[in-house]
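Trainee: If you scroll down you'll find the structure; I have some questions about it.
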Amino acid sequence: MDLQEKRYGTELAITVSGRLDASWAEFFQEHLLRRVRAGEHRLILDVADLSFLSSMGIRALMAVYKELKAIGGTFRIIRASGMVHDTLRKSGLGQWLSDAPLDAVTPAPDGPAAVAATPPGLEHFPLAAEGGLSLEKVDAWRPWQAVNPQMSREIRFTPDGFGLGIGGAGETLEAAGDYLGEFVAFNGQVAAQPPDERGRPDCLLSEGEFVPSLHCVQALVCRGPLSHLLRFRADDERPCYPLSRLLAEMFRVSGAEAIGFLVVGEVEGLVGASLITSPGRLRPGMEIRYPQVREWLSFSGERAFAREQAVIVGVARRTGQAGPEASGLVPVAVPAGEPPMAAHMHAAVFPFQMLPNGRIEAARVAARLFSGPPPRAVLHLVDDDRPGNGLGESALYQGACWFGAITEGGELL
Amino acid sequence: MSLVLGAFSMGLILSLLSLGMLISFRMIRFTDISVDGTITLGASITAVCLSAGVNPWGAVLLAVAAGAAAGAVTGILHTRCRIQELLSGILMMTALYSVNLRIMGRSNIPLLDVPTVSRGFEHLDAAWAGADNKINLLGWPVPVSDMAALASSAVICVATALLLRYFLLTHMGTGLRAAGNNPQMARAQGLNHQAAIVSGLALSNGLVALSGSLLAQYQGFSDVQMGIGMMVWGLASIIIGEALVRHNSIGLVICGTVLGTILFRLLIAIALRWGLNPNDLKLVTAIFVFLALVAPTLAGKLRKRLCQGVVHARD
Amino acid sequence: MLEIKNIHKTFFPGTVNEVKALQGVDFTLEDGVFTAIIGTNGSGKSTVLNAVAGTFEPDAGTILLDGRDITHWPEFRRAAFIGRVFQNPFAGTAAEMSIAENIVMAMRRGKRRGLGPALGRRTLDEIADRVRELKMGLEDRLHNPIGTLSGGQRQALTLLMATWLRPKVLLLDEHTAALDPKSAAKVAELTSEIIAREKLAALMVTHSMQQAVTMPDRILMMHRGRVVEDYRDEMKRRVRIPDLIEAFNRVTKRELFTEPAAAMLERQYL
Ligand SMILES: Nc1ncnc2c1ncn2[C@@H]1O[C@H](COP(=O)(O)OP(=O)(O)OP(=O)(O)O)[C@@H](O)[C@H]1O
Ligand SMILES: [Mg+2]
């Protein structure tokens, strides 16, 4: 089997020649899915020289087709003849066959085009949204002091908000006290890491009347519409996007001083930490230092979760040289030429799922992720700036950022 | 003819040495170079005993016991005191030199006109002897005393070989061989590997001392220098024996060793007859052993070369 | 019942080459429980087995077998109660001795070895019968040197030898690791079969997660000379290969949480 590729406008034509049978199907499927992952969502298969197509080959085609369908891509097969044509038709897959000549000009994708004047690799889509985000903050715990129960709050995660923090589910704070851990919430869905080295993250999903709620000892929750979408994709020039780069772009696009955001993207590497013992077990007067801290906190130790899909929820602020010290935020790395920033970000890691290109809806993307296989981890992202052997900050290859300016409660930061 | 007869008798006597070394070098894999000392130990104890009028068989037993004790000490030096094999052997050999001098009181004891183990066989042989006290062996007249020596060595050698074969095939003997072949396996099967080395060396050196004892009686003297080079001779005999049988069944290996020793003695006798300087004998033996040791590797390399040559030629 | 109580072993103490191979290993192996030990290279798995077998004496701690303190027994004395199979298929048998002679060594494990002939008719018949059960056709080659057999055949025979007399504990140190996949599967199957039939207490070191999950009743995970995980009973029945891998990752993650990392997190973690 042999594969040749050629680009026609927004479509990628792949010429398949030889036999597509059991011995080649896997290779073929992987190759095509790699292309889809790299953003080729409009595929044409030129099968003029394909002499044989087995059921295994059809299965591979199906897998690619399903993936493309889920993300709104297109898939067509041209110049099928003889046996291949017959096989496809008889398998009920005639809808893939297309007579359109290859050199026909393909129409531009639907929907309003991205606003120009963004750097290459980035696409900005303004979203029709009125007003900004309002911020709510819970600050009942700081490592490694005992939790202050008076300051803690139960927060209901209705679909109009998103947030991050440390909390646990339960009747009362008392009951949740042993289960306080990092969480990420978006659109009425919560992914929470139980404070246990072996624990798997749990999901709480809005279902009918049910609204997930957590007793929070730390939280930053934004409510309101997200007014911008920024798509990013790594290319030869920029092999990946560190989070500070994305933050700087979001500040630049929104022009705001403080933003709340949701980023979904393919992970290059995440660096972070999460609780493995609930802060509810801290008592006044306890002193947690190294090495005891290892019983409380787990550190990713490497750039983890490469090629998985991360849902990052965060709040960030530009700090300016003379600005007041940000509270609840930590200074992040600063890309060259940008003003200093501070942020607090949590990430939930899901098995990879493709995103459609162009303008996409945050709620749809999140719903698909949360209803799929369970998340692998939820962690607090850090910038490992140790000189010499630091792991650096987390980075993504490609994905989408939805964000908006914080107009109410910004002073809490 | 008496030359051949002598070589046979010598060979049979020294085959006991070879059998002893077969146990240490091949069975328990212990490079025991104290052999040079223990063979002399056997000879000197025998000489002293016989001179003092002790029954020759008693003298032989005493020699064997002393040899076994010496072997056990070598083993203990190695196993308990963790001294390297070679060094334990060297220590023992060096110590035995003085011990032997002490036993004999001087460097040489001649044994003229003392009863030896072959005496008993002379009476038997005499029955066949003619008037001149000679036996007609395949047309050659042979003195009764020579014939008796041959017969006595043959009987002792065969008896020892049979006993040894039986022993090596018992549970204890099997354990001994396993300890040499794979100590880790032997220990895992509950065998006291160190005890096996000590008893193996005792057995080995007992046989060597037996050989020394018979040698002194056959040659008619004991000399403190007589052991020098014996280890290499024994090794040469074992190697010849292995080349003869090429099999690892115990019986055949023992046979091979005995035959190898006899053949080796015959070769030496012939070489000496052809005018080889007796002083060069040890050098020649050493070269022979060296060649036997390196020949397999050398042959392997040579074969590889040749094969490569063939391949190249084909290209 | 084998009780291992807080044993420590340091190789080359006080030198630059110092290796703390065991730092307080503590577990009990009940009768009839087949336990696998897994762990990264150099985590001390073989050292634990060697300590039980008596290759060396631990620096501290005790080893009890059926309540008897065997900590200071020499290796050959313990062998009366312990069967062993090594990783190296050539280590467990004497290459130049015949199959029958090797087996007869095992038939006397821990017993007196007297001056009776080792291989009588009856003994040979008994050996042939048991060897036949291996279904390797070796019963016709009892007098061949064992060195002429393949690694898999030798390992199967070593296993047979180790269990010929019922051991109180069977020690298996990666005994299928050096075999080709087919022989490894065969020896693994034989191992499970013998252990189940004789209801043996066994300790098996393995690097194969598959073996660890499917074969034993219990899994111990070692790291840096300690037992860090102990899956048994219903925990063991639930455990799958990804769980084991995750457990490995957890341990390595802990390792990467160094003091400088902690200092960094003190600033970065809220
Ligand atoms: N006899 C010895 N002398 C010196 N060091 C040793 C000895 N035996 C083991 N060690 C050291 O002790 C540590 C533990 O070794 P051990 O063989 O028990 O590891 P293991 O878990 O069996 O590893 P592997 O999976 O590689 O077999 C290693 O660092 C090793 O180098
Ligand atoms: Mg090991």
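The values are calculated or read from the model by the stated rules, or taken from the named source; none is laboratory data. Just so you know, these numbers come straight off a predicted model, no measurement behind them. Don't worry about glycine lacking a Cβ; one is built from the backbone with ideal geometry, like all the others, and counts go over all protein chains shown. We work out accessible area using only protein heavy atoms, side chains counted, and drop any ligands, DNA or RNA first. Shrake-Rupley method; radii C 1.70, N 1.55, O 1.52, S 1.80 Å.
Trainee: Just a yes or no: is a residue in the range C:136-157 within 13 Å of another protein chain (Cβ to nearest Cβ), under 29 Å from B:Arg165 (Cα atoms) and either among the hydroxyl-bearing types (Ser, Thr, Tyr) or touching a His at 6+ places or on another chain (Cβ under 9 Å) (or both)?
Mentor: Yes, because at least one residue in the range C:136-157 is within 13 Å of another protein chain (Cβ to nearest Cβ), under 29 Å from B:Arg165 (Cα atoms) and either among the hydroxyl-bearing types (Ser, Thr, Tyr) or touching a His at 6+ places or on another chain (Cβ under 9 Å) (or both).
Trainee: Shifting gears a bit: Determine if the range B:175-194 includes at least one residue that is open to solvent by 50 Å² or more (accessible area, probe 1.4 Å), at the interface with another protein chain (Cβ under 9 Å from one of its Cβ atoms) and over 25 Å from the mean Cα position of the chain (by Cα).
Mentor: yes
Trainee: If you scan the range B:267-283, which residues turn out to be within 20 Å of the chain's Cα centre (by Cα) and open to solvent by less than 70 Å² (accessible area, probe 1.4 Å)?
Mentor: If the condition is that a residue be within 20 Å of the chain's Cα centre (by Cα) and open to solvent by less than 70 Å² (accessible area, probe 1.4 Å), then B:Ile268, B:Ala269, B:Leu281 are the ones that fit.
Trainee: Using the structure shown, decide if C:Asp69 is among the acidic types (Asp, Glu) and either touching a Phe, Trp or Tyr at 6+ places or on another chain (Cβ under 6 Å) or at pLDDT 95 or above (or both).
Mentor: Details: among the acidic types (Asp, Glu): yes; either touching a Phe, Trp or Tyr at 6+ places or on another chain (Cβ under 6 Å) or at pLDDT 95 or above (or both): yes.
So C:Asp69 passes the test.
Trainee: Hey, another quick one. Take C:Gly110 and tell me if it is within 9 Å of another protein chain (Cβ to nearest Cβ), more than 24 Å from C:Met221 (Cβ to Cβ) and within 16 Å of ligand 2 (Cβ to nearest atom).
Mentor: Criteria not met by C:Gly110.
Trainee: Please give the number of the condition C:Ala94 fails out of (1) assigned to a loop (DSSP other than H, G, I, E, B); (2) surrounded by fewer than 21 Cβ atoms within 10 Å (Cβ to Cβ); (3) of a type in the set (A, V, I, L, M).
Mentor: Exception for C:Ala94: condition (2).
Trainee: Next question. Tell me, yes or no, whether the range A:46-53 has at least one residue that is outside any loop (DSSP other than H, G, I, E, B), within 24 Å of A:Met354 (Cβ to Cβ) and either open to solvent by 20 Å² or more (accessible area, probe 1.4 Å) or touching a residue at least 12 places away in the same chain (Cβ under 8 Å) (or both).
Mentor: Kept after step one, since they are outside any loop (DSSP other than H, G, I, E, B), are these residues of the range A:46-53: A:46, A:50-53.
Then keep just the ones that are within 24 Å of A:Met354 (Cβ to Cβ); that gives A:46.
Among the residues that remain, those that are also either open to solvent by 20 Å² or more (accessible area, probe 1.4 Å) or touching a residue at least 12 places away in the same chain (Cβ under 8 Å) (or both) are: A:46.
Yes: one or more hits.
Trainee: Here's something else I'd like to know. Identify the single condition in (1) more than 13 Å from chain A (Cβ to nearest Cβ); (2) under 19 Å from C:Val25 (Cα atoms); (3) at pLDDT below 95 that C:Arg218 does not satisfy, given that it satisfies every other one.
Mentor: With respect to (1) more than 13 Å from chain A (Cβ to nearest Cβ); (2) under 19 Å from C:Val25 (Cα atoms); (3) at pLDDT below 95, C:Arg218 is out only on (3).
Trainee: Which count do you get for residues in the range C:16-26 that are among the hydrophobic types (A, V, I, L, M, F, W, C), near ligand 1 (Cβ under 9 Å from one of its atoms) and surrounded by fewer than 22 Cβ atoms within 10 Å (Cβ to Cβ)?
Mentor: Count: 1.
Trainee: Scanning the range C:117-156 for residues that are among the small types (Gly, Ala, Ser) and in contact with a helix residue (DSSP H, G or I) (Cβ under 6 Å, 6 or more places away or on another chain), which turns out surrounded by the most Cβ atoms within 10 Å (Cβ to Cβ)?
Mentor: Kept after step one, since they are among the small types (Gly, Ala, Ser), are these residues of the range C:117-156: C:118, C:120, C:128, C:137, C:147, C:150-152, C:156.
Applying the additional criterion that residues be in contact with a helix residue (DSSP H, G or I) (Cβ under 6 Å, 6 or more places away or on another chain) yields C:118, C:128, C:152, C:156.
Details: C:Ala118: 22, C:Ala128: 16, C:Gly152: 20, C:Ala156: 26.
Among them, the one singled out is C:Ala156.
Trainee: Quick check: is even one residue across the range B:109-128 in contact with a Gly (Cβ under 7 Å, 6 or more places away or on another chain), touching a residue at least 40 places away in the same chain (Cβ under 8 Å) and surrounded by 13 or more Cβ atoms within 10 Å (Cβ to Cβ)?
Mentor: Scanning the range B:109-128 turns up at least one residue that is in contact with a Gly (Cβ under 7 Å, 6 or more places away or on another chain), touching a residue at least 40 places away in the same chain (Cβ under 8 Å) and surrounded by 13 or more Cβ atoms within 10 Å (Cβ to Cβ).
Trainee: Also, quick follow-up: In the range C:27-64, which residue that is within 14 Å of another protein chain (Cβ to nearest Cβ) and surrounded by 14 or more Cβ atoms within 10 Å (Cβ to Cβ) is nearest to ligand 1 (Cβ to nearest atom)?
Mentor: C:Ser46
Trainee: Please work out if A:Gly167 is more than 25 Å from A:Ala405 (Cβ to Cβ) and not in a strand (DSSP E or B).
Mentor: no
Trainee: Given the range A:331-413, what strands (runs of 3 or more DSSP E) lie entirely inside it while holding 2 or more residues that are surrounded by 18 or more Cβ atoms within 10 Å (Cβ to Cβ) and of a type in the set (Phe, Trp, Tyr)?
Mentor: Here the list reads A:395-408.
Trainee: I'd like to verify a number: residues in the range B:228-252 that are within 14 Å of chain C (Cβ to nearest Cβ) and open to solvent by 30 Å² or more (accessible area, probe 1.4 Å), how many? Explain how you work it out, then say what you get.
Mentor: Looking only at the range B:228-252, we keep the residues that are within 14 Å of chain C (Cβ to nearest Cβ), and these are B:242, B:246-252.
Filter again for open to solvent by 30 Å² or more (accessible area, probe 1.4 Å), leaving B:242, B:246-249, B:252.
Count: 6.
Trainee: If you don't mind, another one. On the basis of being open to solvent by 10 Å² or more (accessible area, probe 1.4 Å), in a helix (DSSP H, G or I) and in contact with an Asp or Glu (Cβ under 6 Å, 6 or more places away or on another chain), does B:Met172 make the cut?
Mentor: No, not satisfied.
Trainee: Report yes if A:Glu249 is in contact with a Phe, Trp or Tyr (Cβ under 9 Å, 6 or more places away or on another chain) and outside any loop (DSSP other than H, G, I, E, B), otherwise no. Give the derivation first.
Mentor: Details: in contact with a Phe, Trp or Tyr (Cβ under 9 Å, 6 or more places away or on another chain): yes; outside any loop (DSSP other than H, G, I, E, B): yes.
Considered against the rule, which asks whether it is in contact with a Phe, Trp or Tyr (Cβ under 9 Å, 6 or more places away or on another chain) and outside any loop (DSSP other than H, G, I, E, B), A:Glu249 comes out as yes.
Trainee: Taking the range C:72-91 only, how many residues are charged (D, E, K, R), open to solvent by 20 Å² or more (accessible area, probe 1.4 Å) and away from ligand 1 (no atom under 16 Å from the Cβ)?
Mentor: 1
Trainee: Just give me the residues in the range C:240-255 being among the β-branched types (Val, Ile, Thr) and away from chain A (no Cβ under 11 Å), in sequence order.
Mentor: C:Ile241, C:Ile245
Trainee: Out of the strands (runs of 3 or more DSSP E) lying entirely within the range B:105-161, which hold 1 or more residues that are within 19 Å of B:Ser44 (Cα to Cα)? Talk me through it step by step, then tell me what you get.
Mentor: Numbers: elements: B:108-110, B:134-137, B:140-143.
Where strands (runs of 3 or more DSSP E) fall fully within the range B:105-161 and carry at least 1 residues being within 19 Å of B:Ser44 (Cα to Cα), they are B:108-110.
Trainee: While we're here: Tell me which residues, restricted to the range C:1-15, are within 13 Å of ligand 1 (Cβ to nearest atom) and either loosely packed, with under 15 Cβ neighbours inside 10 Å or within 14 Å of chain B (Cβ to nearest Cβ) (or both).
Mentor: Hits for the range C:1-15 are C:Phe11, C:Phe12, C:Pro13, C:Thr15.
Trainee: Criterion first (within 16 Å of ligand 1 (Cβ to nearest atom), away from chain B (no Cβ under 13 Å) and either touching a His at 6+ places or on another chain (Cβ under 9 Å) or open to solvent by 40 Å² or more (accessible area, probe 1.4 Å) (or both)) does C:Gly67 satisfy it?
Mentor: On the way: within 16 Å of ligand 1 (Cβ to nearest atom): no; away from chain B (no Cβ under 13 Å): yes; either touching a His at 6+ places or on another chain (Cβ under 9 Å) or open to solvent by 40 Å² or more (accessible area, probe 1.4 Å) (or both): yes.
Spelling it out, it is not the case that C:Gly67 is within 16 Å of ligand 1 (Cβ to nearest atom), away from chain B (no Cβ under 13 Å) and either touching a His at 6+ places or on another chain (Cβ under 9 Å) or open to solvent by 40 Å² or more (accessible area, probe 1.4 Å) (or both).
Trainee: Across the range B:148-159, which residue is surrounded by the most Cβ atoms within 10 Å (Cβ to Cβ) among those that are in contact (Cβ under 8 Å) with a residue 40 or more places away in the chain and not polar (S, T, N, Q)?
Mentor: Residue satisfying both the conditions and the ranking: B:Ala149.
Trainee: Then there is this: Taking the stated definitions as given, is B:Leu210 part of a helix (DSSP H, G or I), in contact (Cβ under 8 Å) with a residue 60 or more places away in the chain and crowded, with 24+ Cβ neighbours inside 10 Å?
Mentor: Yes; evaluated as a whole, the condition is true for this residue.
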